[in-house]
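Visitor: Starting off with a structure, shown below.
Please treat every number below as a calculation from the coordinates, not as lab data. None of these values were measured; they are calculated from a predicted model. Reconstructed Cβ throughout: ideal geometry from the backbone, glycine too, with neighbour counts over all protein chains shown.
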């Protein structure tokens with residue numbers, strides 16, 4: 001049977017959670033509000049001061065603040081999210097999550113040997129396999145995913161492994 005071995009790191013966990021940001025309507029709404037609505041309101045107020053009161057200096061300050069807000073605040077929100085992701089796990093959970101993984105395709109299940117132990121995931125519990133940037137995600141029905149960073153694969157042919165996983169999902173799914 002086909003096998004691969006790879007390392008899972010903190011930056012890989014952050015990558016997966018950032019993809020969740022991209023698909024989260026609530027967080028996208030929050031980012032848009034901080035990128036457009038509030039700075040736009042400030043800019044309009046600054047332009048009003050400029051045109052109505054001819055207060056160029058205050059208008060320039062307000063417009064500058066609105067531009068800085070539109071650029072900096074969304075980045076701060078994303079950095080805060082990244083930090084929150086890592087802080088949401090205890091040290092023991094991190095030790096069980098990060099490290100060397102070995103995946104093996106068996107006839108009835110996908111076998112995983114990880115820092116947390118050995119597990120078998122029946123093919124019917126695997127929803128799909130996705131190739132996203134430099135990662136392969138094996139999405140499970142419980143909302144979790146196995147994130148395989150292509151750059152850390154140390155053993156096995158990842159492309160052939162991914163094709164075989166897709167075949168097994170189609171066969172049993």
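Visitor: Which value in Å does the Kirkwood hydrodynamic radius of the range 14-87 take, with 1/r averaged over all unlike C-alpha pairs and then inverted? Numbers along the way, then the final one.
Guide: On the way: mean 1/r = 0.0733 Å⁻¹.
By the Kirkwood definition, the hydrodynamic radius is 13.6 Å.
Visitor: Let me ask something additional. Rounded to the nearest 10 degrees, what's the angle between the helix 38-48 long axis and the longest principal axis of the chain, both from Cα atoms, 0 to 90?
Guide: The helix 38-48 is inclined about 20 degrees to the chain.
Visitor: What FRET efficiency would be calculated for the residue pair residue 154, residue 26, taking the C-beta separation as r and a Förster radius of 30 Å, to the nearest 0.05?
Guide: 0.20
Visitor: What distance in nm lies between label points placed 7 Å from Cα along the C-beta direction at residue 133 and residue 37?
Guide: Each label point is offset 7 Å from its Cα along the Cβ direction, giving 2.7 nm.
Visitor: Moving to a separate point now. So, in Å, what gap is there between the alpha-carbon centers of the range 91-120 and the range 59-75?
Guide: 46
Visitor: Over 5 Å intervals from 0, what percent of Cα-Cα pairs in the range 86-173 sits in each interval?
Guide: 3, 13, 23, 26, 20, 10, 4, 1
Visitor: Summarise the long-distance tail of P(r) for the range 47-111 by giving the % of C-alpha pairs beyond 15 Å.
Guide: Numbers: 1534 of 2080 pairs.
Every Cα pair in the range 47-111 considered, those over 15 Å come to 74 percent.
Visitor: Need one number: nm distance between label points at residue 78 and residue 170, each 7 Å from Cα along Cα→Cβ, rounded to one decimal.
Guide: About 3.6 nm, to one decimal.
Visitor: Per-residue ellipticity at 222 nm for the chain, helices alone: DSSP H runs ≥ 4 residues times -39500 (n - 2.57), over residue total, nearest 500 deg cm²/dmol?
Guide: On the way: 6 runs with 87 residues, N = 173.
Computed mean residue ellipticity for the chain: -16500 deg cm²/dmol.
Visitor: Further, regarding this structure: Give me the Kirkwood hydrodynamic radius of the chain, using the inverse of the mean 1/r over all pairs of distinct Cα atoms, in Å to one decimal.
Guide: One decimal place: 19.2 Å for the Kirkwood radius.
Visitor: Per 0.36 nm of contour for each residue apart, how much would the distance between residue 18 and residue 116 grow if the chain were fully extended, relative to their Cα-Cα spacing?
Guide: Length difference between fully extended and current span is 32.9 nm.
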